[in-house]
Amino acid sequence: MPTGKVRFFDAEKGFGFITKDDGGDVYVRATALADGVAALHSGQRVDFGVVDGRRGEQALNVRVIEQPPSLSKAARKRPQEMAVIIEDLIQMLDGVGNGYRANRHPDPKMAAKAAQVLRRVADELEL
């Protein structure tokens, strides 16, 4: 069974191309993906069957062998760093909560700072 790397795949349009290890590109449709594979991503290693179509080779029964390394996960903060950030965030939000309990909204500068920190922490958690 040939192997290769996904060069391009558009899940919305339902097609893409795989570059074979021995050279050349193979067209792949979403209908050729194996059960449990919803979409392909650039850089994934796959194995597949090949059939000659009207416009060249087409992939059949595409299975993912290996995921590409995640750049976002490599850039994640260490757990020790996140623990400190979360503790500081809790203290900041506690101050905001105390203001609300006293029937006051936070001043605009504090609100903007809290919102920015919350967005960054959320981004870090979603990686």
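Taking (1) farther than 15 Å from Thr3 by Cα; (2) touching an Asp or Glu at 6+ places or on another chain (Cβ under 8 Å) in turn, Arg63 satisfies each apart from (1). Looking at region 95-114, can you tell me whether even one residue there is at positive phi, outside the structural domain of Ile18 (by TED's automatic domain parsing) and modelled with pLDDT of 90 or more? Yes, region 95-114 contains a residue that is at positive phi, outside the structural domain of Ile18 (by TED's automatic domain parsing) and modelled with pLDDT of 90 or more.
Being in contact with a helix residue (DSSP H, G or I) (Cβ under 9 Å, 6 or more places away or on another chain), more than 30 Å from Ala112 (Cα to Cα) and in a loop (DSSP other than H, G, I, E, B) is a condition met by no residue of region 72-91. When region 2-43 is filtered for residues that are on the phi < 0 side of the Ramachandran plot, in a loop (DSSP other than H, G, I, E, B) and in contact (Cβ under 8 Å) with a residue 12 or more places away in the chain, the ones remaining, listed by number, are Pro2, Ala11, Asp21, Asp22, Ala34, Val37, Ala38, Ala39, Leu40, His41, Ser42.
The values are calculated or read from the model by the stated rules, or taken from the named source; none is laboratory data. Nothing here was measured: the structure is a model prediction, and the numbers come from that model. Methodologically, a virtual Cβ is constructed for each residue, glycine included, from the backbone with ideal geometry; neighbour enumeration extends over all protein chains shown.
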